[in-house]
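Structure first, commentary second.
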Amino acid sequence: MIHSLFIINPSGDVFLEKHWRSVIPRSVCDYYLEAQRASPYDVPPVLAAPHHYLISIQRGGVALVAVSKEEVAPLFVIEFLHRVVDTFQDYFSDCTETIIKENYVVVYELLDEMLDNGFPLATESNILKELIKPPNILRTIANTVTGKSNVSSILPSGQLSNVPWRRSGVKYANNEAYFDVIEEVDAIIDKSGATVSAEIQGYIDCCIKLSGMPDLTLTFVNPRLFDDVSFHPCVRFKRWESERILSFIPPDGGFRLMSYHIGSQSVVAIPIYVRHNLTLRSNGEQGRLDLTVGPKQTMGRVLENVALEICMPKCVLNCSLTANQGKYSYDPVSKVLLWDIGRIELPKLPNIRGSVSVASGADTSGANPSINVHFTIPQLAVSGLRVSRLDMYGAKYKPFKGVKYVTKAGKFHVRM
């Protein structure tokens, strides 16, 4: 169970705190701040203080720190904290210090409903929106004049049913069900172009606008691809275990149906290659950089939003390069070279080459930077995952159905 929640800005100031079971002084956050100062980019998610446990996440430039006086399952708390941030983003479009301060009243109302006596109560967005109306200018003015709050006096219909994520009596003129299959490729490619490691983190996001209480089944062509899966509570897990079919009564609106992991390297096709050559000289002469990017195993699809980010060695003072496509920028302070390519159209391959200024007398022997690659491939799931069919039961109308596939770069690194 969660006793208190603190939200901390990048400066280390607690700008919001909420207590459920007992009031815990904000000085307990000093343990988190000490860990953050010791390792700003790698704060342990679970910290044990003498009398408390601190469980934290960092998103949107703020840190959410949940405090418990007794042992609690860390993943349970971390999942709840992510759900809190997702709810704030759904209500306010973002989760930053400024936006939270502008909506203090609604934030406290949401936290009151999401957690009851330290235990999660209502975390589904569509149920919360029936309880607490999202803020807008007219409602804010009316509440200020009348003294009313955003909290509804009527309990949402879904709260009392065995399908708490869906309200009853939903009606649409146009019934639609859209599914986005999004895959992120995490990979490490060595100097020679061989794959050191590769895996896929995927998820299926839905936007369901169906009348009544529809019961859906989603079937895949090749469901055995999944190494690990995580489902929305609406999915009937027993049917997935026995038949590898997703059977569910969907929430109303947008939600994440499932997340999955594919770790078998033989299945992961690397959709892009980078040919690179970096020569640095320590005797004061100009170094040379030559990069070429091209598609690989894209099944005829086009690479879009391609960008390369290289953290150059500290000895590099500046770069004078010529790109045949896109634009580049080099920051001499952070030593980051960014090449924004955009869309790759064959047969012309994007190339950037030129001279690199190196500090005189600098040691260049251990200068082995890596390239962070970013890309998007529309209409392709690189794992080969395909949706076979979507069936609907419990309703007499025929909905419009659509599936979209997108592949993106996750943590995609090429060693130079």
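The values are calculated or read from the model by the stated rules, or taken from the named source; none is laboratory data. These numbers were taken from a predicted model, which means no experiment stands behind them. Please note: Cβ atoms are built from the backbone with ideal geometry, for glycine as well, and neighbour counts cover all protein chains shown. Heavy atoms of the whole protein, side chains included, go into the accessibility calculation; ligands, DNA and RNA do not. Shrake-Rupley method; radii C 1.70, N 1.55, O 1.52, S 1.80 Å.
Computed values, structure above
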{"quantity": "Charge dipole magnitude, Cβ of K and R +1, D and E -1 - the chain, Cα centre, debye nearest 20", "calculated": "1200 debye"}
{"quantity": "Gap separating the Cα centres of region 362-384 and region 160-193, nearest whole Å", "calculated": "27 Å"}
{"quantity": "Cβ-based charge dipole, region 272-378, positive-most Cα from VAL336, TYR273, GLY287", "calculated": "TYR273"}
{"quantity": "Where CYS95, CYS207 fall by accessible area, highest first, once all protein chains stay in place (1.4 Å)", "calculated": "CYS207, CYS95"}
{"quantity": "Cα-derived Rg over Rh, computed across region 362-411 with Rh taken as Kirkwood radius", "calculated": "1.38"}
{"quantity": "Environment charge of VAL302, counting only residues whose C-beta is closer than 10 Å and scoring Lys/Arg +1, Asp/Glu -1", "calculated": "0"}
{"quantity": "For region 164-295: Kirkwood Rh in Å [reciprocal of mean 1/r, alpha carbons]", "calculated": "18.4 Å"}
{"quantity": "Per residue, in Å², the accessible surface of region 2-116 once ligands and nucleic acids are set aside, probe 1.4 Å", "calculated": "48 Å²"}
{"quantity": "Length gained when the stretch ASN318-ARG281 is fully extended (0.36 nm per residue, less Cα-Cα span)", "calculated": "11.9 nm"}
{"quantity": "Subset of LYS296/LYS408; LYS238/LYS398; LYS191/LYS411 violating a 20 Å alpha-carbon distance limit", "calculated": "LYS238/LYS398"}
{"quantity": "Formal net charge of residues neighbouring ARG353 (Cβ-Cβ distance under 13 Å; K, R +1; D, E -1)", "calculated": "+1"}
{"quantity": "Accessible area per residue, Å², region 344-416 with all protein chains present, probe 1.4 Å", "calculated": "53 Å²"}
{"quantity": "From the C-alpha gyration tensor of region 2-116, square roots of 5λ in Å", "calculated": "21, 17, 13"}
{"quantity": "Area accessible to solvent at PHE80, 1.4 Å probe radius, in Å²", "calculated": "10 Å²"}
{"quantity": "Spatial separation of Cα centroids for region 334-361 and region 196-259, in angstrom", "calculated": "41 Å"}
{"quantity": "Reported label for calculated log10 I(q)/I(0) by the Debye sum over Cα atoms at q = 0.08, 0.09, 0.12 Å⁻¹ given (i) -0.44, -0.56, -0.99; (ii) -0.55, -0.67, -1.03; (iii) -0.60, -0.76, -1.18", "calculated": "(iii)"}
{"quantity": "For VAL358, solvent-accessible area (1.4 Å; no DNA, RNA or ligand), Å²", "calculated": "10 Å²"}
{"quantity": "Partners for LYS401 among lysines (Cα-Cα distance below 21 Å; same-chain residues under 8 apart left out)", "calculated": "LYS171, LYS209"}
{"quantity": "q = 0.11, 0.14 Å⁻¹, region 285-389: log10 I(q)/I(0) [Debye, one scatterer per Cα]", "calculated": "-0.43, -0.62"}
{"quantity": "Gain upon complete extension [PHE400, VAL196; 0.36 nm per residue less C-alpha separation]", "calculated": "69.2 nm"}
{"quantity": "Apportionment of accessible area to carbon and sulfur, region 2-116, percent (1.4 Å)", "calculated": "51 percent"}
{"quantity": "Virtual spin-label span in nm between THR376 and ASP13, 7 Å along Cα→Cβ", "calculated": "3.6 nm"}
{"quantity": "Most positive-pole-ward Cα, LEU64, PRO120, SER230, against dipole of the chain from beta carbon charges", "calculated": "SER230"}
{"quantity": "Selected from GLY254, ALA367, PRO135, residue furthest toward positive end of dipole (the chain; charges at beta carbon)", "calculated": "GLY254"}
{"quantity": "Alpha-carbon Rg/Rh ratio, for region 49-119, with Rh computed the Kirkwood way", "calculated": "0.98"}
